[in-house]
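Have a look at the structure below, then the notes.
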Amino acid sequence: MRILSSILLSSLLLVPATMHAQEKSETSKSIDLSFNGIGVSADLFGFAYSLLDDYTSAELAIEANLGNRIYPIFEAGLGWCDTTDETTLIHYKAKAPYYRVGINYNFFTNEEKPDPDHYIYGLARFAWSNFKYDVNTPPITDPVWGGQASPALSDVDGSCSWAEIGAGIKVKIAKGFHMGWSIRYKVRINQEKGPNSNMWYIPGYGANKSTCFGGTYSLIYEIPFK
């Protein structure tokens, strides 16, 4: 009986210790999303669009670092276009700000310590822009009465919202500084245009198509939080 009592007493003493060890193990496996700092970046690739296409942009972004794993981000920029279509000779002009909100996710992670310096990330964004645009057409000859007219529309209201998904790479180049590249697939969600015209360019989106691709090349400065 004394032996049985000793066994029962030992078992009762081991139960709290086992539960404590299990809770500690589960806690160590939980994802750390502590606030680690803020990153401020400027997109350098937007200006290169003027060499590749008929529009360009300037863009800044601010992102929070949660556990070196999740990065909520806000992007704001200014996009503009002043071009004439080579086929139709229609001149189009627009200039307006645009905005994006979303998240980056660091894929170079493990349960203990995600790498904050060099990693590949996935991204998702919701974006929108409200703007005005001008459309000027070449002279049109009236087939009945003759004569020519050049229809022109100024300050036509337009707006558009779209979604972006993609991936990017971020690398450390110096203390506090990173470079980042991203490729994005854009899907137009909704647009509002003038009753007598269609917008050729959407600030922040690009040429007005149902889908398109875009990219960024950013210089990032990390502000640590200690």
Residues satisfying the stated conditions in segment 193-207, i.e. free of Cβ contacts under 8 Å to residues at least 40 places away in the same chain and either among the polar types (S, T, N, Q) or touching a Lys or Arg at 6+ places or on another chain (Cβ under 7 Å) (or both): N198
Residue in segment 184-201 that is out of contact with any Pro (no Cβ under 9 Å at 6 or more places or on another chain), closer than 22 Å to G39 by Cα and not polar (S, T, N, Q) present: yes
Members of segment 79-98 that are closer than 17 Å to G214 by Cβ and open to solvent by 80 Å² or more (accessible area, probe 1.4 Å): W80
Output for segment 122-142, where each listed residue is open to solvent by 60 Å² or more (accessible area, probe 1.4 Å), modelled with pLDDT of 80 or more and either more than 28 Å from L89 (Cα to Cα) or not in a strand (DSSP E or B) (or both): F126, W128
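Please indicate, with yes or no, whether at least one residue in segment 66-78 is out of contact with any strand residue (DSSP E or B) (no Cβ under 9 Å at 6 or more places or on another chain) and open to solvent by 80 Å² or more (accessible area, probe 1.4 Å).
Within segment 66-78, none of the residues are out of contact with any strand residue (DSSP E or B) (no Cβ under 9 Å at 6 or more places or on another chain) and open to solvent by 80 Å² or more (accessible area, probe 1.4 Å).
Considering segment 174-221 alone, what residues qualify as being β-branched (V, I, T), under 20 Å from I120 (Cβ atoms) and either open to solvent by 80 Å² or more (accessible area, probe 1.4 Å) or in contact with a helix residue (DSSP H, G or I) (Cβ under 9 Å, 6 or more places away or on another chain) (or both)?
I183, T216
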Top-ranked residue of segment 28-44 - restricted to ones that are more than 24 Å from S218 (Cα to Cα) and among the hydroxyl-bearing types (S, T, Y), ranked as modelled with the lowest pLDDT: S28
Subset of segment 191-211 (residues that are part of a strand (DSSP E or B), of a type outside the set (A, V, I, L, M) and at pLDDT below 95): Q191, E192, Y201, G206
Qualifying positions in segment 67-95 - on the phi < 0 side of the Ramachandran plot and not in a strand (DSSP E or B): R69, D85, E86, T87, T88, I90
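The values are calculated or read from the model by the stated rules, or taken from the named source; none is laboratory data. Keep in mind the model is a prediction, meaning the values are calculated, not measured. In this analysis, Cβ positions are derived from the backbone assuming ideal geometry, glycine residues included, and neighbour counts consider all displayed protein chains. The protein model used for the area step is the full one, side chains on, heavy atoms only, and it has no ligands, DNA or RNA in it. Shrake-Rupley method; radii C 1.70, N 1.55, O 1.52, S 1.80 Å.
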